[in-house]
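Computed from the coordinates by the stated procedures, all read-outs in this text should not be read as laboratory data. Only a predicted model underlies this, so the values are computations on that prediction, with no experimental measurement involved. Note: ideal-geometry Cβ built from the backbone for every residue, glycine included; neighbour counts use all protein chains shown.
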Amino acid sequence: MRTLIWILSGILGFLFLLGAIGQLKRSAATPASKKQPKAQEQWITFVSSDGEYSVLMPAQPIEKEQLLQAQTGKVTMKSAGVDHRTDVGVVSYTICYNDFPVSLGDGEEFLTLAGDQMAETMGRIRAKKSIKLQNASGREYEIEHENGKALAATRCYVRGHRMYQTIALVPIRAGFSSNTWRFLDSFQFETNNINR
C-alpha cells in the first residue's frame with residue numbers, strides 16, 4: 001500500500017504542479033484591472049454533475065480535461081477555473097479532481113504523504129492542517145509559491161477513488177482576502193456516493 005501511495009503521490013504532485021504553473025502564467029500575463037471591485041460582488045454557484053460538487057465562483061468557470069500518462073496508467077484530471085481581475089491583480093480560483101484506479105481508503109495516509117509532497121512542489125508551506133468535509137478527510141495548505149509572486153490557499157479531499165483540490169491563487173502583495181475563504185468554504189459534495 002505504501003508503494004502505491006508513493007506512486008499516486010507523485011502523480012498528484014505532478015498534476016497539482018501543472019495546474020498551479022498554468023494559473024501563475026495566466027496571472028502574470030494578465031495585468032490588473034484599474035476598475036475598483038464592487039462592494040459586494042455577485043458570485044454564482046457552479047455545480048459539476050460529473051464531479052459531484054458545487055462551489056461559489058466570481059464568474060462561470062472554464063472547464064478543462066487533461067489526460068496524463070502515469071506509472072499506474074492514464075489519469076484524467078478535470079478542472080474548472082476562473083481568473084478574476086481585481087484591483088491588486090488577477091486571482092485564480094480552480095477546482096481539480098481525478099479518479100485513481102484504486103480506493104484511497106479513508107484518505108489519511110494518502111493525504112499525509114501526497115498532500116505534503118504536492119504542497120512542497122509549489123514552494124514553501126506556510127501553514128497546514130487536517131480538515132473534514134461531509135465525512136471526507138482533507139488537508140488545508142497555505143503556500144508561498146517558489147517564485148515569490150503568489151500565495152496559494154488549497155484544500156485537498158479524498159472520497160473513495162477520487163481526489164479533489166480547491167485552489168485560490170493570489171498575488172503575494174494582496175494576500176488572502178475574504179473572497180479566498182468564501183470560495184474555499186463554499187465547496188460542497190453534491191452526493192453522498194463516496195465509492196467512486
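Starting from the Kirkwood radius over alpha-carbon pairs of the range 82-132, derive D by Stokes-Einstein at 25 °C in a medium of 0.890 mPa s and give it in µm² s⁻¹. For these conditions, the coefficient is 178 µm²/s.
Which ordering of 181, 43 is given by a fewest-first count of other beta-carbon atoms within 10 Å? List each step's numbers first, then the result.
Working: 181 12, 43 18.
If I rank by nearby Cβ atoms, fewest first, I get 181, 43.
Per-residue Cβ neighbour counts within 10 Å put 172, 95 in the sequence 172, 95, beginning with the fewest. Relative protection proxy for 155-167, 138-150, from highest mean packing down: 155-167, 138-150 (other beta-carbon atoms within 10 angstrom).
Counting other beta carbons within 10 Å of each Cβ, put 121, 94 in order, fewest first.
Ranking 121, 94 by Cβ neighbours within 10 Å, fewest first, gives 121, 94.
Kindly identify the range 102-196 as rounded, prolate or oblate by the Cα gyration tensor criterion: order the square roots of the eigenvalues as a ≥ b ≥ c, call it rounded if a/c is under 1.5, otherwise compare a/b with b/c, prolate if a/b is larger, else oblate.
Working: a/c = 2.77, a/b = 1.57, b/c = 1.76.
Judged from the Cα gyration tensor, the range 102-196 comes out oblate (a/c at least 1.5, b/c at or above a/b).
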